[in-house]
Amino acid sequence: MTCPIFTAERPLRIGTRRSPLALAQAEMAMAAVKLLHNLPDDAVKLVPMLATGDKIQDRPLADIGGKALWTKELERALIDDQIDIAVHSMKDVETWRPDIFVISAMLPRADVHDRLIGAASLGDLKQGARVGTSSPRRAAQLQRARPDLQIVPLRGNVATRLAHIDTGDADATLLAAAGLDRLGMADVGAELSLDAFLPAASQGAVGIDRLASRDDLFPFLEAINDADTFAAVHAERAFLAAVGGNCHSPVAALARVEGTQIRLRAEIFTADGSELQSGECLYAMGGEGPAQLAQELLGKASADLRGIFAS
């Protein structure tokens, strides 16, 4: 299949949200495309858009439409031929999507850890400290580690959440190390152990979206795809689908490629973290490991925990 030719008169149009982090990730994708396809600067352009999720910051994402609020404007732009590809944080991409869209490539994955902002460690937080997060996973993990903590809703981009800590709206918060690093804030926050804070599925991964009908873009995007990241994130998303995870679900998953196999760790929680079911599997690429692990964890879970993933 012949790759499309992009020029100053017909540049590759890359859709992105307008937030500083989204723009930084889109610029990474743009740099990769230009380097690997030897494109001049004027043959590629960013098309920033304001997502609904960026407009509404006073309510938890799960209460106002879920992850689609981060992606629907970009998806509409793909359909309307306003852009050729869209750049997403894979953590923000819905588990179940219309088959007219295809994630065709992923950039090399960044640090998957969470970082604590506001204290050097969880143990340094005062009794009853207020920790801001709107992530069901982080809330469950925090309360499991420190049941005395008060979880308060906190949304917004990285700068907004840091400002909330500075002004005392919360004593602390958690942020993804990948986002901080991409914004030049590698020295901000204290790294949390993966043993206690396994990340969200797809955390640290950036995906490139296209219309399924744009087959001409497949070889063009395949050239920038990081195969290990793609395989690992696919495994994590397959686990989410099998377990029934959505925006309301406290669930964590992390996969790593080991040769021709994938090692997948996953956890599901009750909302307050009082029950945790965890497991790990090593399986051949293309195997049924994610679905089998999902069934294993649900099989061990209480009726209350199973109910969270059946709703």
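When you look at residue 147, is it modelled with pLDDT of 95 or more and part of a loop (DSSP other than H, G, I, E, B), yes or no? Yes, satisfied.
When we screen 294, 238, 252 for residues that are touching a residue at least 12 places away in the same chain (Cβ under 8 Å), open to solvent by less than 30 Å² (accessible area, probe 1.4 Å) and not in a strand (DSSP E or B), the only hit is 294.
Cβ separations smaller than 9 Å between residues 6+ apart or across chains give the following pairs from the range 261-272 residues that are over 13 Å from residue 144 (Cα atoms) and in contact (Cβ under 8 Å) with a residue 12 or more places away in the chain to residues that are among the acidic types (Asp, Glu) and assigned to a strand (DSSP E or B): 263/280; 264/280; 265/280; 266/280. The single condition from (1) modelled with pLDDT under 95; (2) open to solvent by 50 Å² or more (accessible area, probe 1.4 Å); (3) assigned to a loop (DSSP other than H, G, I, E, B); (4) over 17 Å from residue 141 (Cβ atoms) that residue 184 fails is (1).
In this structure, residue 193 qualifies as within 29 Å of residue 121 (Cα to Cα) and not in a helix (DSSP H, G or I). Residues that are outside any helix (DSSP H, G or I) and touching a residue at least 60 places away in the same chain (Cβ under 8 Å) within the range 150-179 comprise 153, 155, 156, 157, 174, 175, 176, listed in sequence order.
Scanning the range 68-113 for residues that are more than 15 Å from residue 232 (Cβ to Cβ) and either in a helix (DSSP H, G or I) or of a type in the set (A, V, I, L, M, F, W, C) (or both) yields a count of 21.
The values are calculated or read from the model by the stated rules, or taken from the named source; none is laboratory data. Model, not experiment: these values are computed from the prediction. Quick reminder, even Gly has a Cβ in these numbers, built from the backbone with ideal geometry, and neighbours come from all protein chains shown. These accessible areas exclude ligands, DNA and RNA; they are computed on the full protein's heavy atoms, side chains included. Shrake-Rupley method; radii C 1.70, N 1.55, O 1.52, S 1.80 Å.
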